[in-house]
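The values are calculated or read from the model by the stated rules, or taken from the named source; none is laboratory data. Values in this document were obtained by computation on a predicted structure and should not be read as measured data. As a convention, Cβ positions derive from the backbone with ideal geometry for all residues, glycine included, and neighbour counts pool all protein chains shown.
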Amino acid sequence: MNHANNYGIDCGTTNWRIFQFNGSDPSQVPQPLSLTIFDSARHCLPTALLLDENQKILACGERAYEEITNYDLYKSANLFDAFKLCLGNDQTVEASDPNKRYTHQEALNYTGKLLSKVVERLQEEKPNCLATNNQFIFTHPVHWGITKSNGEIEGKILGDFALTIQGYFPENLHKNIRFLPEPEAALLSLVQAKQLQQLTNGYILIVDIGGGTTDLVAGQLTSGGLEDIRYFGKAYGGNHFDEAIAQYIAIQFELNESQQLSLDRQLRYYGRKFKENLSQQARINYNQAVNFQVLLADPTEKNVLRKPISLTCTEFEQIVTKGKEYLHDSLLVALEKMQLTPENIGQIILVGGGARLFIVPNILRQMFGNSVPIIYGDPPESTVARGAALWGMPKQLLNIPLLSQPKKEGDEYAKIARENLRQQKYQQAIEGFTEVIQENPTNVPAYFNRGQARYQKGDIQGAINDWSQVVTMNPNDAYASYQLGVALLKKEDYQAAVMNFNQALSLNPQLADAYLERGIAKYYLGQQEQATKDFNQAVHISPGIVQIRLQDLKKSPKKWFGILSINSDKRTLEGLIQILETILGYKEPKTPIDSWVEFIQTKLPQEPEVISVMTYKAVVEFFVTERPSFSEIQKGAILRQKHPKKQGLFVVYQVFLDGNSELVCRQDNGIPFGRKVLVKNFDEELSDSFQNKDLLIFE
């Protein structure tokens, strides 16, 4: 069914917003819908209710806060706000904890009451909004639950929320009500507003900081749409900063604990006012204070308390120090849960009312550095409601596959294949992406991901073919050019690798990996000076990447390059490692085995009988831990042949096969002997006297 209008409704902790989208004219953009109970300047309804002793609504929105200072009214009324925070609270009510101030059922009840006022005003002021050919899309935090493609809801909080919403709408509209995760709504808005960029490297991270929740969504935008979407939600938001300022105000008034509890909602109201005004002030003059005449209607004292309070941005940051640390740590946990690191992020977009908080960009800079661009939704506080109104818009107009909309069979193949790729089931992943490509030969992400699976499986030529196809279909994809260069480097086609790394860097000059890999290719082309410049540039952008790759080269060089193939020179690899270590100022700490080697070299000429046992123990320990043999150990063993014993307990043969060494341990009778047992025997020998030792012969 084609709906005449979509209404996106964001029931936020601090404010509710409604956006309207004309479904019959998709060229238009969603517009805010205002009612007389809304703040006309900000197009929102503050999430607040003033109820009398019989739970009758006396006021809602901003007027509910304004009426607090009317003592005659306040003595027979109660203010309720930020109840979204308590949805899901199945613990004991604690007035001092914003997340436990109400029970889950109470929070649902207050949500319904506020919604009843909205529906009432819609019927009176905009009756056409409730026509049966309109659609209503309510947003919700990720952790509440999900709506399946068949409309079935999973998650108790979301299920209860949905029943509450439906209960205040006419029954003939129930089938027109949808529920959408807040980050997904934000995605829709950002895509339609053309704020998402197709990155050459890394994920787009959308951070939605609301009044009581923080939701994150990460994805990779390609020419085929948004791929590999990951979500995470946390029940922590801007409201918690309001709480810290509220406590500060209480201290200025010298309120006792009982007064703080009775005035809590009023205190938090001013906490929010300070937060919002300081965030505006920080963009103009960080050092200029914000001043308020704070009025508190105290029912215990039967009067109104008044006090001028001033706050600067610096003072605000000091007051909310713990909150900043908690938000910082929560974001790190969120990335870990999404199996990402700060280095994986290429762009950050801030949405939600809390995004305006001036300390948020500072926290993100601390986490991600200055090279990752941070942009705001336009405007951030309206992004979710605006995007919700776009739900159901034809996909070709948005170019984005959404999780909550029905998926085609090919999308299911792609999802399963991506999961197989994450789980390192490379053959299954290859087969899955092949199915996707057969269904849609222009699916760029499928070619790219199949190339990844083929590369990891060892099919380098297959990976080259797939990534070449990606570069042909999308020449502006820097990461595809980079990956193609890596595969060509693995094949030792250094000149072609350099050309692809050049292309990647022309598209993304901050791609540290490309500088590093291009430097390696140039090094093997004999261009050592140019290679060193590339290495230095890679270290300048991201020293961590170079350190990781150095360790890979030292521990398992064949993992990344064909450097130890028959046609390669091991001495060249050692020179490459030495250059990288010099650039990094790196000196690997000595291992216990390295200490053995040093001891052997020093003591062998002086005490050959003792050192011979240590030498052979070191050889075996290297192979027990699957570490390559050092030439020093080989030399030590060969030198020991000058001091042979007539009877040998074990014989060690060094066999060279295709450039690889294999240690074969045998008893005198030729039966293979376990390496760990050898080490155990050596330990026993070292604990005895060094007289008449049966020694190994290294041949």
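Taking the conditions (1) over 24 Å from CYS44 (Cβ atoms); (2) of a type in the set (Gly, Ala, Ser); (3) modelled with pLDDT under 90; (4) not in a strand (DSSP E or B) in turn, GLY212 satisfies each one other than (1).
Residues of the stretch 310-338 that are within 20 Å of ALA282 (Cα to Cα) and in contact with a Phe, Trp or Tyr (Cβ under 6 Å, 6 or more places away or on another chain): LEU311, CYS313, ILE319, VAL320, GLY323.
Would it be correct to say that ILE165 is over 26 Å from LYS337 (Cα atoms), in contact with a Lys or Arg (Cβ under 7 Å, 6 or more places away or on another chain), surrounded by 20 or more Cβ atoms within 10 Å (Cβ to Cβ) and at pLDDT 90 or above? Spelling it out, it is not the case that ILE165 is over 26 Å from LYS337 (Cα atoms), in contact with a Lys or Arg (Cβ under 7 Å, 6 or more places away or on another chain), surrounded by 20 or more Cβ atoms within 10 Å (Cβ to Cβ) and at pLDDT 90 or above.
Do you know which residues across the stretch 13-47 are assigned to a loop (DSSP other than H, G, I, E, B), under 27 Å from THR214 (Cβ atoms) and at pLDDT 85 or above? Those that are assigned to a loop (DSSP other than H, G, I, E, B), under 27 Å from THR214 (Cβ atoms) and at pLDDT 85 or above: THR13, THR14, PRO30, LEU33, PHE38, HIS43, THR47.
Of all residues in the stretch 133-166, those being assigned to a helix (DSSP H, G or I) and of a type outside the set (Lys, Arg) number 13.
The condition (being touching a residue at least 24 places away in the same chain (Cβ under 8 Å) and more than 29 Å from the chain's Cα centre (by Cα)) is satisfied by just one residue among ASN508, ASN440, ASN476, ASN500: ASN440.
For the stretch 313-333, the condition of being under 26 Å from VAL539 (Cβ atoms), crowded, with 16+ Cβ neighbours inside 10 Å and either within 21 Å of the chain's Cα centre (by Cα) or modelled with pLDDT of 85 or more (or both) holds for none of the residues. For the stretch 270-297, a residue qualifies if it is out of contact with any strand residue (DSSP E or B) (no Cβ under 8 Å at 6 or more places or on another chain) and either farther than 12 Å from ILE319 by Cβ or exposed (fewer than 14 other Cβ atoms within 10 Å of the Cβ) (or both), and the qualifying residues are ARG272, GLU276, SER279, GLN280, ALA282, ARG283, ILE284, ASN285, TYR286, ASN287, GLN288.
Residue count for the stretch 147-165 under the criterion of being free of Cβ contacts under 8 Å to residues at least 40 places away in the same chain, within 25 Å of the chain's Cα centre (by Cα) and at negative phi: the result is 3.
Can you confirm whether TYR102 is more than 18 Å from GLU171 (Cα to Cα), crowded, with 16+ Cβ neighbours inside 10 Å, free of Cβ contacts under 8 Å to residues at least 40 places away in the same chain and in the same structural domain as ASP160 (by the TED database)? Yes, satisfied.
When the helices (runs of 4 or more DSSP H) confined to the stretch 408-527 are screened for residues that are surrounded by fewer than 22 Cβ atoms within 10 Å (Cβ to Cβ) and modelled with pLDDT of 85 or more, those reaching at least 2 such residues are found at 426-439, 444-457, 460-473, 494-507.
Within the stretch 106-122, not a single residue is surrounded by fewer than 14 Cβ atoms within 10 Å (Cβ to Cβ), of a type in the set (S, T, N, Q) and farther than 23 Å from ALA186 by Cα. Only residues that are under 39 Å from the mean Cα position of the chain (by Cα) and surrounded by fewer than 21 Cβ atoms within 10 Å (Cβ to Cβ) were counted across the stretch 39-59, and they come to 5.
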